[in-house]
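Written below as structure tokens is the structure these notes are about.
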Amino acid sequence: MDPLSAFELAQVVLDNTVRLFKFVSALVEYPEECEKYRLQLIIEYNRVLAWAKAAGLIEVAPGSSLASALGTNATELITILARIQWLLAEFRDLNARYGNELVPSGISPAKETEKDSNESKDVKGAGKDVKGRGKGIKGSKNPKAAGSASSSQEKSTSSEPKPATDEALLSQISSLALSYDQSQKEQKLKVEKEEEAEHRRGTNHIRRFFRTTKDVVTHPSRVRWVVVDKEAFEALLLDLHSLTERLDELMRGYQQSKMDDIIAKTYREMILARDGIGELRDMVEVLDKMVEGMGVMADGEGGRERRKKRMVNDVQDLVRLKKMARVSEELLSRLHRGRDSATLGLEASDAKITVVQFGDPSNGKKDFWEAFEPVDAEDYPDQRDYIAIIDHKRPRGYLDVEGDGEQIPVWIEWKPMGDYAEGSIEEKVADLRTLTLAEMLHLPKPDSLYVPECIGYLDARDAFGADMYGFVFKAGKEVDLGRWEGRIISLYDLLGTKTFEPSLSQRVDLALKLCTTVLNLHAVNWLHKGIFSDNIIFDFDLCRAWNIEAGKGQVQAYNPGNPCLCGFGYSRPEKSKTTARSLNTAWDLYRWPAIQREHPTDRNSRKTYDLYSLGLVLLEIGHWKPLDEILCLKESEPSPSFNQEVPERKPPSVSLHDSKKARDWLLGTQLNAPFTEAKKLNPLRELQNLMGDKYSRAVERCLWAHGEKGFGVEDLPDQSRDSGVGIRLQEAFTKYVIEELQGVNV
């Protein structure tokens with residue numbers, strides 16, 4: 001078989017396979033028990049598309065061939081794709097009236113060219129010959145009558161909202177499906193232009209042949225699900241999965257890695273696009289089945305299968321986080337409607353709280369003082385001196401969670417309560433939001449989500465009589481924070497220290513890990529609202545620091561490759577009402593200019609505001625200086641000494657005028673910047689010299705945040721209401737930040 005013709009034939013078979021996937025995925029009115037199967041079908045659909053993209057079948061390079069692209073047997077690949085196409089066609093045929101039973105809603109197909117429209121009619125006509133079961137709408141035996149019924153119906157609903165198009169349907173699946181559809185349109189236009197210029201014998205005659213057969217579906221109007229055997233659907237999915245697994249096996253190592261990245265990105269989009277608690281519950285179940293299927297293979301087939309299993313487990317963890325966020329929103333909504341006692345419509349497992357709650361034992365909570373033992377005895381002469389504990393920035397100690405004598409090293413992060421009347425809806429909302437946040441931080445999380453593990457939630461009103469919430473976090477494994485030498489140190493405190501400055505490669509790695517953390521948070525629609533360098537912490541060994549400063553030790557005092565993003569006291573689900581922001585305005589320099597010093601209900605936070613704050617942190621990492629120093633808003637300080645204790649740098653002291661102008665100064669849209677007056681380079685330009693073009697471009701994207709120079713979205717509330725906007729934002733952030741940082745060569 002000629003390699004070039006094999007490549008083009010594979011494209012044709014792939015195209016027809018995708019059309020069938022689109023058809024089956026777009027069926028409506030699935031029985032409730034089969035919705036999870038449609039979700040599984042969409043996952044297999046995206047796996048085929050990811051394979052095709054990694055193999056170069058979507059974005060075709062001139063002179064491509066299957067042999068050069070994959071280094072494997074072209075005939076087997078085409079056979080696998082053809083088998084997938086045949087399976088889908090068989091499933092389509094189970095749906096007896098697929099070509100005639102149109103949905104009587106406002107949904108209609110995308111606009112077609114005259115040529116495609118005729119082909120679509122041919123396919124619909126062929127539908128009535130499938131096993132002799134075709135019938136028109138409402139019992140009509142005349143396909144034309146069915147078409148008339150559909151047309152008249154469309155006219156009668158012309159005043160209704162604009163019908164969904166193919167693009168809208170594909171957007172429910174993934175951006176990969178949309179990009180494939182777009183590439184096919186571009187390829188079609190290119191072929192038509194070539195045909196006009198010169199008739200060539202290539203794959204055009206093959207394409208025309210496939211277009212005239214009933215096995216080609218050009219995605220007619222969405223059709224109803226007609227009773228289909230559940231076992232048949234399960235068998236179809238089992239066969240499809242085995243075939244997509246074989247496609248995966250035929251990929252080379254670097255292509256497998258590329259395919260994994262594409263699939264992981266698509267999974268995050270699927271999470272973003274699903275808001276219903278039931279949908280998310282189904283997704284967890286589907287992924288559970290996938291993990292079960294991988295269980296046997298992972299032991300016998302080595303690293304590749306283990307990586308795939310870990311990826312699916314990570315997606316499961318994100319789905320559970322999203323589900324808990326949605327449960328929180330639902331319960332909060334009911335509180336606002338005065339239904340504070342019901343969990344109607346939720347399964348018991350949906351609202352289950354597993355994090356340990358400390359407070360008043362008479363309310364079923366554990367006694368905090370019975371379980372907690374502070375480490376720094378000199379700081380707490382009276383162990384029950386709650387004022388000293390609350391005043392401490394991040395108090396450390398041991399916690400006996402189970403009451404069995406086993407103590408776990410922990411640290412506490414405080415969150416002030418709002419000034420709410422006792423027993424008010426506002427107080428209940430604050431309690432519930434904080435509790436569900438503690439539960440989200442307690443749930444298993446992907447390895448790429450660098451946030452602390454919450455093992456306890458403290459209501460300080462019960463424990464101390466203080467209006468505070470406390471998140472009790474498990475200390476990291478690298479340094480035992482229960483020892484006196486074990487400390488927590490923030491990135492802000494480390495910046496400017498020459499002794500503990502990471503290497504260039506370590507700084508790029510640190511930046512990338514923070515970016516993937518924020519990407520994962522935003523994938524579950526959770527805003528952080530407090531990204532600045534003092535909320536990025538590391539486990540720190542003070543004894544090692546002394547030895548390093550004395551020239552006696554080579555072991556690092558901390559691991560820059562293991563950051564932890566904390567400061568979740570004011571984070572929230574993106575669609576919920578804004579939570580009260582901290583009254584501490586010292587960190588306004590890191591916040592989006594429009595929300596600095598404002599009452600938090602004046603303007604909701606956005607994902608792009610988080611990304612702006614992240615960009616400023618990346619700028620600090622690149623320069624290894626605090627932001628106010630980079631902007632020349634204060635004089636450089638000497639590197640602190642670690643002789644006695646971990647030094648804590650004072651928070652920035654910057655005027656509102658300067659903090660609001662910081663973005664414009666960096667982007668060059670405002671003159672008279674302090675660094676210009678100090679005759680220094682713009683920090684962004686200097687960043688190119690320090691970290692390279694790719695790193696600098698990633699930071700600049702974050703600072704623009706919106707529009708063409710940012711992430712292609714506007715500063716509008718639809719970031720929180722439109723999953724399509726969320727997907728576009730995630731795709732742009734991945735392309736312009738994550739992939740740029742991954743491409744930095746050190």
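The values are calculated or read from the model by the stated rules, or taken from the named source; none is laboratory data. Quantities reported herein were computed from a predicted structural model and do not represent experimental measurements. FYI the Cβ positions are ideal-geometry reconstructions off the backbone, even for glycines, and counts take in every protein chain you see. With ligands, DNA and RNA removed, areas are computed over all heavy atoms of the protein, side chains included. Shrake-Rupley method; radii C 1.70, N 1.55, O 1.52, S 1.80 Å.
Just for the stretch 243-264: of the residues that are within 22 Å of PRO446 (Cα to Cα) and either open to solvent by 40 Å² or more (accessible area, probe 1.4 Å) or in contact with a strand residue (DSSP E or B) (Cβ under 7 Å, 6 or more places away or on another chain) (or both), which one is modelled with the highest pLDDT? Give the derivation first.
First, the residues of the stretch 243-264 that are within 22 Å of PRO446 (Cα to Cα): 256-264.
If we keep only those that are either open to solvent by 40 Å² or more (accessible area, probe 1.4 Å) or in contact with a strand residue (DSSP E or B) (Cβ under 7 Å, 6 or more places away or on another chain) (or both) as well, we get 257-258, 261.
On the way: SER257: 81, LYS258: 82, ASP261: 86.
Filtering first and then ranking leaves ASP261.
Filter the stretch 274-313 down to the residues that are of a type in the set (A, V, I, L, M) and at pLDDT below 85, then identify the one that is surrounded by the most Cβ atoms within 10 Å (Cβ to Cβ). Quick ask: steps written out before the conclusion?
Keep residues of the stretch 274-313 that are of a type in the set (A, V, I, L, M), which gives 277, 280, 283-284, 286-287, 290-291, 294, 296-298, 311-312.
Checking which are at pLDDT below 85 leaves us with 290-291, 294, 296-298.
Working: MET290: 17, VAL291: 16, MET294: 20, VAL296: 10, MET297: 15, ALA298: 18.
The qualifying residue surrounded by the most Cβ atoms within 10 Å (Cβ to Cβ) is MET294.
If I filter the stretch 327-342 for residues that are among the basic types (Lys, Arg), modelled with pLDDT under 80, in a loop (DSSP other than H, G, I, E, B) and open to solvent by 20 Å² or more (accessible area, probe 1.4 Å), do I get at least one hit?
Yes, the stretch 327-342 contains at least one residue that is among the basic types (Lys, Arg), modelled with pLDDT under 80, in a loop (DSSP other than H, G, I, E, B) and open to solvent by 20 Å² or more (accessible area, probe 1.4 Å).
Scan the stretch 706-727 residue by residue and report those that are of a type in the set (Lys, Arg) and under 22 Å from ALA511 (Cα atoms).
To start, the set of residues in the stretch 706-727 that are of a type in the set (Lys, Arg) comprises 709, 721.
Within the stretch 706-727, LYS709 is the sole residue that qualifies.
Of all residues in the stretch 470-494, which are aromatic (Phe, Trp, Tyr) and modelled with pLDDT of 90 or more? Lay out the reasoning, then the answer.
Filtering the stretch 470-494 down to residues aromatic (Phe, Trp, Tyr) leaves 471, 473, 484, 492.
Within the stretch 470-494, PHE471, PHE473, TYR492 qualify.
Between residues in the stretch 390-404 that are more than 14 Å from PHE471 (Cβ to Cβ) and at pLDDT below 85 and residues that are open to solvent by 30 Å² or more (accessible area, probe 1.4 Å) and not in a strand (DSSP E or B), which pairs lie under 7 Å by C-beta distance while being six or more apart or on different chains?
If the second residue must be open to solvent by 30 Å² or more (accessible area, probe 1.4 Å) and not in a strand (DSSP E or B), the pairs left are HIS392/ASP379.
When you go through LEU667, LEU614 one by one, which is the residue that is at pLDDT 95 or above and surrounded by 17 or more Cβ atoms within 10 Å (Cβ to Cβ)?
Values: LEU667 fails: surrounded by 17 or more Cβ atoms within 10 Å (Cβ to Cβ).
Sole residue among the options that is at pLDDT 95 or above and surrounded by 17 or more Cβ atoms within 10 Å (Cβ to Cβ): LEU614.
Identify the single condition in (1) at pLDDT 65 or above; (2) open to solvent by 20 Å² or more (accessible area, probe 1.4 Å); (3) hydroxyl-bearing (Ser, Thr, Tyr) that THR17 does not satisfy, given that it satisfies every other one.
Here THR17 meets the rest and fails (2).
Quick one: which of LYS513, LYS552 is farther than 26 Å from ASP459 by Cβ, open to solvent by 20 Å² or more (accessible area, probe 1.4 Å), charged (D, E, K, R) and modelled with pLDDT of 85 or more?
Values: LYS552 fails: modelled with pLDDT of 85 or more.
Residue meeting the stated conditions: LYS513.
Residue by residue through the stretch 24-46, note down the ones that are open to solvent by less than 30 Å² (accessible area, probe 1.4 Å) and at pLDDT below 70.
ALA26, LEU27, VAL28, TYR30
Looking only at the stretch 484-543, which residues are within 28 Å of VAL375 (Cβ to Cβ) and among the polar types (S, T, N, Q)?
SER490, THR497, THR499, THR517, SER533, ASN535
Just to be sure I understand, how many residues within the stretch 707-739 are assigned to a helix (DSSP H, G or I) and of a type in the set (D, E, K, R)?
Narrowing the stretch 707-739 to residues assigned to a helix (DSSP H, G or I): 717-719, 723-739.
Keeping just the survivors that are of a type in the set (D, E, K, R) gives 718, 728, 731, 735, 739.
Number satisfying all stated conditions: 5.
(1) outside any helix (DSSP H, G or I); (2) modelled with pLDDT under 70: which one isn't true of ARG597, the others all being true?
(2)
So which residues in the stretch 229-270 are part of a helix (DSSP H, G or I) and acidic (Asp, Glu)? Let's see the steps before the verdict.
At the first step, the residues of the stretch 229-270 found to be part of a helix (DSSP H, G or I) are 230-249, 253-270.
Once the filter is applied, which keeps residues that are part of a helix (DSSP H, G or I) and acidic (Asp, Glu), the stretch 229-270 yields GLU231, GLU234, ASP239, GLU245, ASP248, GLU249, ASP260, ASP261, GLU269.
Go through (1) buried (at least 20 other Cβ atoms within 10 Å of the Cβ); (2) closer than 21 Å to VAL744 by Cα for ARG697 and report which single condition fails.
For ARG697, the failing item is (1).
Just one of the numbered conditions (1) open to solvent by 50 Å² or more (accessible area, probe 1.4 Å); (2) in contact with a Ser or Thr (Cβ under 6 Å, 6 or more places away or on another chain); (3) under 16 Å from LYS607 (Cβ atoms); (4) at pLDDT 95 or above is not true of ALA705; which one?
With (1) open to solvent by 50 Å² or more (accessible area, probe 1.4 Å); (2) in contact with a Ser or Thr (Cβ under 6 Å, 6 or more places away or on another chain); (3) under 16 Å from LYS607 (Cβ atoms); (4) at pLDDT 95 or above applied to ALA705, the lone miss is (1).
Applying the selection to the stretch 502-512, what residues are out of contact with any Pro (no Cβ under 6 Å at 6 or more places or on another chain) and part of a helix (DSSP H, G or I)? Give the derivation first.
The initial filter retains those residues of the stretch 502-512 that are out of contact with any Pro (no Cβ under 6 Å at 6 or more places or on another chain), namely 503-505, 507-509, 511-512.
Listed by number, the residues that qualify are LEU504, SER505, ARG507, VAL508, ASP509, ALA511, LEU512.
Here is a yes/no grid of residues against (1) closer than 15 Å to SER571 by Cβ; (2) in contact with a strand residue (DSSP E or B) (Cβ under 8 Å, 6 or more places away or on another chain); (3) open to solvent by 10 Å² or more (accessible area, probe 1.4 Å):
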{"position": "SER424", "(1), (2), (3)": "no, no, yes"}
{"position": "LYS445", "(1), (2), (3)": "yes, no, yes"}
{"position": "PRO452", "(1), (2), (3)": "yes, yes, no"}
{"position": "LEU458", "(1), (2), (3)": "no, yes, no"}
{"position": "ALA466", "(1), (2), (3)": "no, no, yes"}
{"position": "VAL472", "(1), (2), (3)": "no, yes, no"}
{"position": "GLY486", "(1), (2), (3)": "no, yes, no"}
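How many residues are surrounded by fewer than 17 Cβ atoms within 10 Å (Cβ to Cβ) and more than 27 Å from ASP539 (Cβ to Cβ) when one looks only at the stretch 398-422?
Going through the stretch 398-422 one residue at a time, the tally reaches 5.
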